[in-house]
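Written below as structure tokens is the structure these notes are about.
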Amino acid sequence: TLGLARLHKKCRRVRLHLEESGPLDGAVVAMSPRHLEQIVLNLIINAADATANQGAVTVQVRVEDGAVILSVRDDGAGVAAAIEARLFEPFFTTKADGVGSGLGLAVSRRLAQAAGGTLRLAETSPAGSRFVLRLPAALEAA
């Protein structure tokens, strides 16, 4: 997914980093790879937008308490308090007309929930935001 993101026009000037926090034993989830890729790509592109397509975006993956946790952090301007409650509403967007559909976060959250997980805005400040995807770890197929 990071390779795909690097090819996206909004991500070409963004410094994109992957951090593995601790051993990733058990970092397997019961979710369609395409759905997982869609969620992660949506989060990365939104983060790139938040940095005006020229900042830094960090993707971190870790296994904790029977879950795989993926976070996407940007160094953009943060999410305004006035819109936080609406971020995951279908068709809600802060982008100009014709630039975004307002479906990325709504669809991503629904895909996460369908897999027994969650997607949330974990923190935001004038120094950036962090979204966290938490999915239950699954046993690898034998």
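The values are calculated or read from the model by the stated rules, or taken from the named source; none is laboratory data. What you see is a predicted model; the values in this text were computed from it and never measured. Neighbour counts are summed over all protein chains in view; Cβ atoms, including those assigned to glycine, are modelled from backbone coordinates with ideal geometry. Surface accessibility is based on the protein's heavy atoms, side chains included, excluding ligands, DNA and RNA. Shrake-Rupley method; radii C 1.70, N 1.55, O 1.52, S 1.80 Å.
Relative to the longest principal axis of the chain, what angle (0 to 90°, nearest 10) does the C-alpha long axis of helix 104-114 take?
Once rounded, one gets 20 degrees.
Could you tell me the calculated FRET efficiency between residue 2 and residue 28, based on Cβ-Cβ distance and R0 = 25 angstrom, to the nearest 0.05?
Efficiency computed from Cβ-Cβ geometry: 0.85.
Place a +1 charge on the Cβ of each Lys and Arg in the chain and a -1 charge on the Cβ of each Asp and Glu, then give the dipole magnitude about the Cα centre in debye, rounded to the nearest 20.
In debye, rounded to 20, the chain gives about 480.
Modelled label-to-label distance, residue 127 and residue 19, 7 Å Cα→beta-carbon offset: nm?
1.2 nm
How many Å² of accessible area per residue for the chain, probe 1.4 Å?
For the chain, the per-residue accessible area is 57 Å².
Accessible area of the stretch 21-70 with a 1.4 Å probe: how many percent of it is carbon plus sulfur?
The nonpolar share, carbon plus sulfur, comes to 50 percent.
When only DSSP loop residues count, what GluC sites (Glu not before Pro) in the stretch 43-142 have their Cβ near at most 14 other Cβ atoms within 10 Å?
140
On C-alpha positions alone, give me the angle between the axis of helix 33-50 and the longest principal axis of the chain, in degrees, nearest 10.
30 degrees
Just how much of residue 25 is accessible, in Å², when a 1.4 Å probe is used and the result is rounded to the nearest 10?
Spelled out: residue 25, probe radius 1.4 Å, area about 130 Å².
Where does the stretch 7-142 land on Rg/Rh, using Cα atoms and the Kirkwood Rh?
Reported Rg/Rh, Kirkwood definition of Rh: 0.96.
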